[in-house]
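A short write-up of the structure that comes next.
The values are calculated or read from the model by the stated rules, or taken from the named source; none is laboratory data. Quantities reported herein were computed from a predicted structural model and do not represent experimental measurements. Positions of Cβ are backbone-derived with ideal geometry, glycine not excepted, and every protein chain shown enters the neighbour counts. We work out accessible area using only protein heavy atoms, side chains counted, and drop any ligands, DNA or RNA first. Shrake-Rupley method; radii C 1.70, N 1.55, O 1.52, S 1.80 Å.
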Amino acid sequence: MDVGDHAAQAGHIPVLLDRVLEILAPAVRAAADAGRTPVYLDGTLGMGGHAEAMLAAHPTLRLIGLDRDTYALERSAARLERFGDRVSLEHAVYDDIPAVLDRLGVPVVDAFLFDLGVSSPQLDEADRGFAYSYDAPLDMRMDRTQDLTAAEVVNTYPPGELTRILREYGEERFAQRIASAIVRERAKQPLDSTARLTELVRAAIPAATRRTGGNPAKRTFQALRIEVNGELEIWRRALPAALDAVPVGGRVAVLSYQSLEDRITKQVLAAAAADHTPPDLPVPLPEHQPRFRLLTRGAEVASASETETNPRAGSVRLRAAERVREAT
């Protein structure tokens, strides 16, 4: 049985598992060849599928696993127990990387993985409120120890702020109509359930639009989830922090599932892989040479066969980079 089979039997199919292992393996080998214990940081540990596969594939590897979801950490701790002291799990958001590494006394990380977005278990747990397919409290917190919930957003944010969130984070054409409908409804009675919000969004959108493109509430739920969890702002801080922690030969891989996160990933990696020599100089300056090289041509997607067996892989976009030069 290979590691992918084991992960699938554990009830969770990691997305693009074989490709992630292939991309990160050279970084692990480079650290081992240099006489160091290779360090792999999984910034979004989730159910631990990628982490388990990496630990099984590399017997000397040390894992640092981060997740803001305490339930995910509990599940992963049980799953990874057999790897003993090779595993360090931290209740942290991935923009806390510098503080976590400092606390653990880890100077560099050879391989990073970020599997972004909401996890399958979070979608499947009805009381988390992430899904519009069944009724649940309007929660959407990845970290249930935080205060802000989706219910607070829809019931207290000013109309203009609701419109902005729906337009920017949900890329919703009818953001203003939906925000106005929310404001009218909450004036009668606070919105507290996913079913009520889903029906409200459906009614606010023109009938012709409702007949195409899947559930019309999808974009609204995405926008609220991103706002509740601060996903984009956190990601804008986290990816540069990860790049700073990677030594020469180290690698970073990112799995994104929506265009906003993928756009940030593309921009940050492209900037790190660019030559920043001033354009008026005749020759490149060593200190302005690229610090990273891109390992993927554009964004890689899952195969049709993987998407068929693992629907979550249908929207994935993979980007990766390797450090080729130390910062000056």
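Take Arg103: with every protein chain present and a 1.4 Å probe, its accessible area is about 140 Å².
Dipole magnitude for region 10-110: computed about the Cα centre from +1 point charges on Lys and Arg Cβ and -1 point charges on Asp and Glu Cβ, it is near 240 debye. Give me the distance between the Cα centres of region 80-115 and region 140-210, rounded to whole Å. Each part's Cα centre sits 35 Å from the other's.
The listed residues Leu63, Leu89 rank as Leu89, Leu63 when sorted by accessible area, largest first, using a 1.4 Å probe. Only helical runs count toward this figure. For the chain, summing -39,500 (n - 2.57) over DSSP H runs of n ≥ 4 and dividing by all residues gives -13500 deg cm²/dmol at 222 nm. In the set (1) 23.8, 87; (2) 20.2, 64; (3) 21.2, 68, the label that goes with Rg and Dmax of the Cα atoms in Å computed for this structure is (3). Here the spin labels are modelled as points 7 Å beyond Cα on the Cα-Cβ line, and at Thr209 and Arg236 they lie 2.6 nm apart. For region 170-328, the residue among Pro311, Leu294, Gln176 whose Cα projects farthest onto the positive side of the dipole built from Cβ charges is Gln176. Beta bridges per DSSP, both residues in the chain: antiparallel share near 40 percent.
Charges were assigned to the Cβ only: +1 to each Lys and Arg, -1 to each Asp and Glu. The resulting dipole of the chain about its Cα centre is roughly 920 debye.
In a DSSP loop and with at most 11 other Cβ atoms within 10 Å, the trypsin sites (Lys or Arg not before Pro) in region 156-257 are Arg211. His91 exposes around 90 Å² of accessible area when a 1.4 Å probe is run over every protein chain in place.
Applying 1/(1 + (r/R0)^6) with r as the Cβ-Cβ distance of Ala57 and Thr156 and R0 = 41 angstrom yields a FRET efficiency of 0.30.
The relative contact order of the chain comes to 17 percent, based on Cα pairs under 8 Å that sit 6 or more residues apart.
Note on region 288-310 and region 35-63: Cα centroid distance 20 Å, given to the nearest whole angstrom. The stretch between Arg293 and Ala274, if pulled fully straight at 0.36 nm per residue, gains 6.0 nm over its current Cα-Cα span.
Extending 7 Å from the Cα toward the beta-carbon at both Asp85 and Glu308 defines two label points whose distance is 4.8 nm.
Taken as entire DSSP H runs, the helices of the chain that both span 18 Å or more between Cα atoms along their own long axis and average -0.5 or more on the Kyte-Doolittle scale are 17-33, 175-188, 231-244, 259-272.
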